[in-house]
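Worksheet: one structure, shown below.
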Amino acid sequence: MLANKKSWKVMLITLVAVLTISVLSACGDKKDVVATYKGGEITLEEYNAEKNILTFLSPQMGQLAEMEEFKTYLVNQQIAFAYLSSKASEEAKTAGKKLATEQLAEMKKQVGDDAFKKMLDEKKLTEAEVNGFLDKAMISMQDMNLKVTDADIKADYDANKQDYTLASLRHILISLTDAEGKERTKEEALKIAKDVKSQLDKGADFATLAKKYSEDPGSKEAGGLYKDTPAGTWVEAFKENALTLPLNKVSDPIETEFGYHIMKVESRVETTFDKITEKQKDTIKNKLGSEKIDEFMAKDLPGIITKVTLPESPKAATEEPTTPKDGQDSTGTKTEGKDAPTTDGTSTDTPADNTGK
């Protein structure tokens, strides 16, 4: 919950892990080559198809398409996934293709067949092209995941074990936007939060005030309750208080990027490694696999690329967008029951990586 805002580069890496950004083997009459690498090349048509699929999966990135730094990162990533998928094991290829088919089916299910086709038409894409795109992405991810050992998973758990602590807590969010959509200043939000805290100090019922004042749709009707939730799901300030506040003590207003929170932690239970779920272990494996790809791009890819000659942009974008909150509740958490699928086809309801990766 309370997921941190991310820069476009981190957004792109995240999209690789969740929806998977990769290379499309596009067909076209023109053979203008924009990049060459050991074992292959990227044509202008393939590169443009990559941009089209990227904005198809993540429309908010459309404004970044002509940023020079973004374009360079995108073609590097395109080469990386083309190279990695070609070198992948047969096991990874089989598993990756299966996951690509499942991912595409899930995407169609979420929006409906007719809407999905319309979205493809608007980007001048075909379903087969998107499936080919996902094939290479999933194969690359699966190949890296197969290199993650049980010891790697245990080491990551040990480094982040506090993220697996299950906390049951109530909170009241006073957002920086009111119920009518009008923006509040921090001072206005803090004033309301202090008033709520004063009422609680005088004996008011927390759940009753949460239903009255909280602007978090994910917990408002439950009296502000998040039950047995892994602490790693929350952004840093919220997580820190979830882990350290004395039990059943009402906090002073706590500031996050979403506004001010009044919190009361009702229980906290550490989760030992032998108690984490297979889904949580898979989430760790996917994260470590993504990190291996990132490491490959930083350390190995420069020696594989021989030449990149991208066409100049008519006008480079100058600003980075903020991460949209579509599909999130006002605590920054994905809306309950609508978690995005990961590269293994599971839901991301396990501790999130709050390191910016």
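Read-outs: derived from the displayed coordinates by stated rules, not from any lab. Please read these numbers as outputs of a predicted model, since none were measured by experiment. Because the Cβ atoms are built from the backbone with ideal geometry, glycine has one as well, and the counts that use them run over all protein chains shown.
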*Mind checking whether some residue in segment 105-117 is surrounded by fewer than 20 Cβ atoms within 10 Å (Cβ to Cβ), touching a Leu at 6+ places or on another chain (Cβ under 7 Å) and farther than 14 Å from Phe296 by Cβ?*
no
*How do the pairs read when you match residues in segment 287-308 that are in a helix (DSSP H, G or I) with residues anywhere that are of a type in the set (Phe, Trp, Tyr), using Cβ under 7 Å and keeping only pairs 6 or more apart or on different chains?*
Ile304/Tyr37; Ile304/Tyr83
*In segment 227-269, residue surrounded by the fewest Cβ atoms within 10 Å (Cβ to Cβ) [restricted to those that are of a type in the set (Ser, Thr, Tyr) and in contact with a helix residue (DSSP H, G or I) (Cβ under 9 Å, 6 or more places away or on another chain)]*: Ser251
*Within segment 202-214, is there a residue that is in contact (Cβ under 8 Å) with a residue 40 or more places away in the chain and farther than 16 Å from Asn248 by Cβ?*
yes
